[in-house]
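A.B. asks: Sharing a structure with you now.
The values are calculated or read from the model by the stated rules, or taken from the named source; none is laboratory data. Since the structure is predicted, the reported quantities are computational estimates derived from the model, not experimental observations. Note that each Cβ is placed from the backbone with ideal geometry, even for glycine, and that neighbours are counted across all protein chains shown.
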Amino acid sequence: MSTIQEIQKEIIEDFAMFDDWIQKYEYLIDLGKELSPIDEKYKTEDNLIRGCQSRVWLHAEHTDGKIIYTADSDAIMSKGIVAILINVLSGQAPSEIATAKLDFINKIGLKEQLSPTRANGLVSMIKQMKLYALAFNN
Amino acid sequence: MLDISKIRKQFPILSRKVNGQDLVYFDNGATTQKPQAVIDSESNYYQNENSNVHRGVHFLSGLATDKFEETRNTIQAFIGAKHSHEIIFTKGTTDSINLVANGFRTLFKKGDEIIITELEHHSNIVPWQMCCEQSEATLKVIPLLDNGELDMNEFNNLLSESTKLVAVSHISNALGTINDIEEIIEKSHKIGAKVLIDGAQAASHVSINMQELNADFYCFSSHKMFGPTGVGVLYGKEEILNELSPYQGGGEMIKEVSFSGTTYAELPHKFEAGTPNIAGVIAFKSAIDFITNLGVETIAKYEDELLQYVTSEILKIEGVKIYGTAKNKSAILSFNIEGLHPYDIGMIVDKMGIAIRTGHHCAQPIMEKFNIPGTARISLAIYNTKEEIDLCINAIKKAKLMLS
């Protein structure tokens, strides 16, 4: 399994191939469509991430020293964003996730590409994923 | 003949680019852009006139006070109020409604009823919930019909001798419905209830006259009518404003202060504690002048033309559903496209320079009624054009293509 740093590097390389926002958005939309479905029983009020303007559900499970995240959203762009984060963080150890520096976000222009409210959603998603990691780490 | 290109030239922001594209600003329900005259007026105040109002004996204070009061008189004329002291300056519509709701907390009691509607903005819901919490009055809600009009039969059923106040928006910010406030006011008055109208979406789009309308309170915001942010108006009938206790204590609102007791100033100062947004109030006059020069009727007629156009164009897109199809509608178009989330649409058209609003529009009960997470909303103003609508429709089509 690649490390968080290695996966980030790959994503940065992927995004470097895109010329404009349309291609970036289309890529996010594709990622959203490809995201493995979350078990319906985890789409609860409790699993909703606060701070997102669309509904984003995130579930985390701790098995064999690794965290497996699953997520869903009713908006496809949000789903694409959470899919990228899952690609980077899911399957890693809690301690790795809790201390991960996610610098790919700025390098692929995600933050500037996304509207401010959406960027807030992104921040909330990362915060929630790290909170799970901290909880499982203890 | 209305020359829209001439009007557009008065708004410097309309010539800027967004994401490399010409800005198409269709979020006027949230706030309108400002004409040069308003920007100049605000800046001129700080450059040449800055001083506190109603306090000093010196030249500048007198000048600032005169100009501040000139706006009050302009608004009095604009809304046809009987007295200028019935015009209270606030921070905005939300502040105006809170002022009234706060004043009634001590006047209402258990068994009294307040009626609001299902299509209110949160700022015309929450203050009344808070008022009910303290006064133990009960909140009743007029439901919506499927076309976005109020269920007036249900309103008639809800009205009773217990009804003390009816608070309703003139125009729905989320659906564009123009409510029949004349009927609501007349019927409420018959049983002795007071009426507050949230006019935030109406004041620059339909002509209003307080003495003809006979509303007890009417609230609106400067920033939704080409004026600065942070300035609002509460119109209230003199005799009722006199009954309400002050909202905030401080300077300006007092007659005499001593530790044995304080007496309050006369209207309007009783409700204007502290230093107001002087620059904003003064510049607000330029915004009203802008509206008056064009004529509210002219604005309404042109906006309606745009609304008809955007409605017919958007319905050509497959899967579009419009929320709010009232007979009497303002230039607000709320819609969704089957299978797509409004945020996805909003984000993609933003990339093409088009500013629309997506979400619940601070009116969650409406979204609940239609069982949707939100809508995409196009809200138009006098400076918008059919060419801009074409750009927006094309952008929406492109978004649909990308998302499907």
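A.B. asks: Select from the stretch A:69-87 the residues that are part of a helix (DSSP H, G or I) and either within 13 Å of chain B (Cβ to nearest Cβ) or more than 16 Å from A:Y27 (Cα to Cα) (or both) and list them in ascending order.
C.D. replies: Selection gives A:I76, A:M77, A:S78, A:K79, A:G80, A:I81.
A.B. asks: Further question on the same structure: Against the definition (touching a residue at least 24 places away in the same chain (Cβ under 8 Å), under 26 Å from B:L333 (Cα atoms) and in a loop (DSSP other than H, G, I, E, B)), how does B:S160 come out, yes or no?
C.D. replies: No: the conditions fail for B:S160.
A.B. asks: Could you grab me the full set of residues in the stretch B:362-394 that are of a type in the set (A, V, I, L, M) and within 14 Å of chain A (Cβ to nearest Cβ)?
C.D. replies: B:M367, B:I372, B:A376 - these are the residues of the stretch B:362-394 that are of a type in the set (A, V, I, L, M) and within 14 Å of chain A (Cβ to nearest Cβ).
A.B. asks: Here is a list: B:I171, B:I181, B:I185, B:I191. Which entry is under 13 Å from the mean Cα position of the chain (by Cα) and β-branched (V, I, T)?
C.D. replies: The unique qualifying residue is B:I171.
A.B. asks: Within the stretch B:380-402, is there a residue that is assigned to a strand (DSSP E or B) and either polar (S, T, N, Q) or modelled with pLDDT of 95 or more (or both)?
C.D. replies: Looking for residues that are assigned to a strand (DSSP E or B) and either polar (S, T, N, Q) or modelled with pLDDT of 95 or more (or both), one finds none in the stretch B:380-402, hence no.
A.B. asks: Condition first: among the β-branched types (V, I, T), over 22 Å from the mean Cα position of the chain (by Cα) and either surrounded by fewer than 15 Cβ atoms within 10 Å (Cβ to Cβ) or within 30 Å of B:G274 (Cα to Cα) (or both). Now tell me which residues in the stretch B:15-56 satisfy that.
C.D. replies: Of everything in the stretch B:15-56, just one residue is among the β-branched types (V, I, T), over 22 Å from the mean Cα position of the chain (by Cα) and either surrounded by fewer than 15 Cβ atoms within 10 Å (Cβ to Cβ) or within 30 Å of B:G274 (Cα to Cα) (or both), namely B:V53.
A.B. asks: Restrict the check to the stretch B:344-361 and report whether at least one residue is touching a Phe, Trp or Tyr at 6+ places or on another chain (Cβ under 7 Å), within 14 Å of chain A (Cβ to nearest Cβ), under 30 Å from B:V141 (Cα atoms) and surrounded by 18 or more Cβ atoms within 10 Å (Cβ to Cβ).
C.D. replies: Yes: one or more hits.
A.B. asks: Further question on the same structure: Scanning the stretch B:362-388 for residues that are crowded, with 22+ Cβ neighbours inside 10 Å and aliphatic (A, V, I, L, M), which turns out farthest from B:L14 (Cα to Cα)?
C.D. replies: B:I366
A.B. asks: Give the residues of the stretch A:51-67 that are within 14 Å of chain B (Cβ to nearest Cβ) and of a type in the set (S, T, N, Q), sorted by residue number.
C.D. replies: Selection gives A:Q53, A:S54.
A.B. asks: Then there is this: Please indicate, with yes or no, whether at least one residue in the stretch B:299-308 is closer than 30 Å to A:Y25 by Cβ and within 14 Å of another protein chain (Cβ to nearest Cβ).
C.D. replies: no
A.B. asks: Please specify each residue of the stretch B:192-224 satisfying the condition of being of a type in the set (A, V, I, L, M, F, W, C) and either surrounded by fewer than 24 Cβ atoms within 10 Å (Cβ to Cβ) or out of contact with any helix residue (DSSP H, G or I) (no Cβ under 7 Å at 6 or more places or on another chain) (or both).
C.D. replies: B:A193, B:V195, B:A202, B:V206, B:I208, B:M210, B:L213
A.B. asks: Here's something else I'd like to know. Exactly one of (1) more than 18 Å from B:G29 (Cα to Cα); (2) at pLDDT 95 or above; (3) charged (D, E, K, R) is unmet by B:R377. Its number?
C.D. replies: Among (1) more than 18 Å from B:G29 (Cα to Cα); (2) at pLDDT 95 or above; (3) charged (D, E, K, R), B:R377 violates only (1).
Condition check ((1) closer than 26 Å to B:M402 by Cβ; (2) over 12 Å from the mean Cα position of the chain (by Cα)) across all residues:
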residue	(1), (2)
A:E6	no, yes
A:I12	yes, yes
A:Q53	yes, yes
A:T63	no, yes
A:T70	yes, no
A:A75	yes, yes
A:D103	no, yes
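A.B. asks: Let me ask something additional. Can you tell me which of B:T106, B:T65, B:T74 is surrounded by fewer than 20 Cβ atoms within 10 Å (Cβ to Cβ), assigned to a loop (DSSP other than H, G, I, E, B) and among the β-branched types (V, I, T)?
C.D. replies: Unique residue meeting the criteria: B:T106.
A.B. asks: Same structure, new question: Looking at the stretch A:37-46, can you tell me whether even one residue there is in a helix (DSSP H, G or I), more than 13 Å from chain B (Cβ to nearest Cβ) and of a type in the set (S, T, Y)?
C.D. replies: Yes, because at least one residue in the stretch A:37-46 is in a helix (DSSP H, G or I), more than 13 Å from chain B (Cβ to nearest Cβ) and of a type in the set (S, T, Y).
A.B. asks: Can you pull out the residues in the stretch A:15-36 that are under 25 Å from A:G91 (Cβ atoms) and either in a helix (DSSP H, G or I) or within 13 Å of chain B (Cβ to nearest Cβ) (or both)?
C.D. replies: A:F15, A:A16, A:K24, A:Y27, A:L28, A:I29, A:D30, A:L31, A:G32, A:K33, A:E34
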